[in-house]
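To start, the structure itself, in structure tokens.
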6 protein chains.
Amino acid sequence: MTSQRYITGLERLHAVDGDAGVDVVETLRQAFPDFATYVVEFPFGDIYSRPGLGLRERELAVVAALCALGNAAPQLRVHLHAALHVGCTPTEIVEVVMQMAVYAGFPAALNGLAEVRRVFDERGIALPLNTA
Amino acid sequence: MTSQRYITGLERLHAVDGDAGVDVVETLRQAFPDFATYVVEFPFGDIYSRPGLGLRERELAVVAALCALGNAAPQLRVHLHAALHVGCTPTEIVEVVMQMAVYAGFPAALNGLAEVRRVFDERGIALPLNTA
Amino acid sequence: MTSQRYITGLERLHAVDGDAGVDVVETLRQAFPDFATYVVEFPFGDIYSRPGLGLRERELAVVAALCALGNAAPQLRVHLHAALHVGCTPTEIVEVVMQMAVYAGFPAALNGLAEVRRVFDERGIALPLNTA
Amino acid sequence: MTSQRYITGLERLHAVDGDAGVDVVETLRQAFPDFATYVVEFPFGDIYSRPGLGLRERELAVVAALCALGNAAPQLRVHLHAALHVGCTPTEIVEVVMQMAVYAGFPAALNGLAEVRRVFDERGIALPLNTA
Amino acid sequence: MTSQRYITGLERLHAVDGDAGVDVVETLRQAFPDFATYVVEFPFGDIYSRPGLGLRERELAVVAALCALGNAAPQLRVHLHAALHVGCTPTEIVEVVMQMAVYAGFPAALNGLAEVRRVFDERGIALPLNTA
Amino acid sequence: MTSQRYITGLERLHAVDGDAGVDVVETLRQAFPDFATYVVEFPFGDIYSRPGLGLRERELAVVAALCALGNAAPQLRVHLHAALHVGCTPTEIVEVVMQMAVYAGFPAALNGLAEVRRVFDERGIALPLNTA
């Protein structure tokens, strides 16, 4: 029995993360089916589907928070992909991560930049960015 | 001897936080003058003065990070004021803080919303926001 | 339009926290109505209503987690009340909080015990507990 | 010279973790002998040997705390093994970890579930659990 | 029945914190007598009584850690007093706290400096320090 | 255009970390040149170049903070090397990390000791230390 929140959430997950995001949830479902449902329903069905904040702003906020917390590297990578997928520029992403040096310290920013480098490599985005 | 970074930083601090931000730094300077200088020079002179990310996005990212970390209430309040000052809407701010329930847990979001309520009260922004 | 999850969640919230828990949500609703709905629906409607783990165990786990995180004193107090409400003994609660000295350090345990003292005082539970 | 606390602690460590726990301490002893002694004496000799809270509840509390903190994966794995060893059911453990999504965010719960999957695999516990 | 560790720990606690530290433990003992005993025995009887690191270095390390964690203000204040008591200079303490801006972010350092200011005020240490 | 802070910072980075530290920054510069500049200028040019606290004390403080935070293993390794480089003894370093068990919990200390073991192995420092 699929809830309306699930249907909305899956559509939103696809908008945010593309096929990769849906794949992550399907892998999770094989071991933890109820939790996979919650991941779709609450974050995506309830929160991401709200008006009042753009997807680009939502993704920059998540990248900032996960970089600052510093203990969620797999989720930071997912959201670096998502940020690019919803139209954040590589420059905007690097700026947000560098800014975290101020609020969470240089190690948090350095470890965030290491994940940025890994994700950008996967997507063929050359570093350093041209910041002329 | 005032560095160019200090002059740029103070201008930027004023753009972000208005007179209130400058007052915070001047109070800090009375006890810790060197650290007051660093606060102006590095976060504002170096980071906030960079192109490539708008001030609105920078402030939403900081609100997200400080809400997620959950141990910096005074700085969260400063940046809630700053976010409004640079043109974030009350709705955008509430959305970012609610979104932190997903990434840092409901207590982080609830404590963030308590600071939102306090700051909005100080500025005469009525809650609940009209979200028709 | 009230969801079934909301109805289930409110019943569960009342079972866990009593009237005090319902009051907290109603106060929250005055400023942030959507978030009040989420608080009832996801934590209580989805998670706390699951079989497979008793309410006593759930509350001891939450007390442990919030004490260890150390940045959510208001929520720790709510769950100290809730733990007593669902039948945890004062001794069990003190034991969990003391145990956090091992996993999150003595400051986390000491600050947790300060909240225990405050909540026990409010409920007339005399300290020290008789541990003969 | 072996203290009574060490003797009590080693017995308790064995009760909680089995031979695996004792092996961990012996490995630690080769490089850091004094710290190995403290690990046995304070957590196990002092804390785990206290009456007033069952070993099952102690382990569920530790799993909750380490999952919420999110920066102690090796210790979380040790305590997932220990939780099973003292009689927590696989379902109880999964419930506690899922519950952490509420208090520490979805990334903390997802990373906790990844460790659950690894430990259950090692012990031949099939996932998904049958939750009919 | 008082252990040798307790006797050693109390002597060490007095050396580190003076009468104020002993008073804190006695207050704790009224509500949580066993935990008061652990606080004396493990941190002070076991750890602080070890040779190999000076008390000044131990206190600077604790000030750094508690400032970086950012969720233990009461303990930070205790150890700011203790750092001065064992002979750290006001300048050394301010330097350590400012340095935390690099490793844990400016909010952690600013909140640490606020506690420094409070403790220095209580002890009549004038700010700003003369750093000619 | 190289700032005086950069020149001072690079000299200080070399004093603290030796060639290895300079190499880390040069690697960082290939992908994130501006951030590499900030790493030299603010932590090393501004903070580490301040009088009032010795390099040994600075490094012990950083080791304590990064061990307590528990989410910055690469930076902890860099500073374990640096601590040895500026003259901290292996014993002092092990003492600081063990002490973190008190303030941040045993998992933080255990994970810190694991990094100590790795760094000491790389440098041929035999464990256990002779603590007669």
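The values are calculated or read from the model by the stated rules, or taken from the named source; none is laboratory data. Just so it is clear, the structure is predicted and the values come from calculations on it, not from any experiment. When we count neighbours, we look across all protein chains shown, and the Cβ atoms used for this are built from the backbone with ideal geometry, even at glycine.
Remarks
- In the range A:84-115, the residue that is nearest to the other protein chains (Cβ to nearest Cβ) out of those that are among the polar types (S, T, N, Q) and farther than 16 Å from residue B:67 by Cα is A:91.
- Any hit, the range B:24-36, residues being within 27 Å of residue B:117 (Cβ to Cβ) and at pLDDT below 95: yes
- The residue of the range B:6-47 that is nearest to the other protein chains (Cβ to nearest Cβ), among those that are buried (at least 21 other Cβ atoms within 10 Å of the Cβ) and either in contact with a Ser or Thr (Cβ under 6 Å, 6 or more places away or on another chain) or of a type in the set (D, E, K, R) (or both), is B:46.
- Residue tally, condition more than 25 Å from residue A:103 (Cα to Cα) and of a type outside the set (S, T, N, Q), over the range E:60-89: 9
- Of the residues screened, residue E:82 is one that is outside the structural domain of residue E:4 (by TED's automatic domain parsing), of a type in the set (Gly, Ala, Ser), in contact with a helix residue (DSSP H, G or I) (Cβ under 9 Å, 6 or more places away or on another chain) and touching a residue at least 60 places away in the same chain (Cβ under 8 Å).
- Residue within the range B:53-72 that is β-branched (Val, Ile, Thr) and within 13 Å of chain E (Cβ to nearest Cβ) present: yes
- Looking only at the range B:48-75, and only at residues there that are of a type in the set (S, T, N, Q) and under 21 Å from residue B:107 (Cβ atoms), the one that is surrounded by the fewest Cβ atoms within 10 Å (Cβ to Cβ): B:75
- Residue match in the range B:1-19 (condition: of a type in the set (A, V, I, L, M), modelled with pLDDT of 95 or more and not in a helix (DSSP H, G or I)): no
- Qualifying residue in the range B:76-83 (condition: within 7 Å of another protein chain (Cβ to nearest Cβ), surrounded by 24 or more Cβ atoms within 10 Å (Cβ to Cβ), more than 23 Å from residue B:7 (Cα to Cα) and not aromatic (Phe, Trp, Tyr)): no
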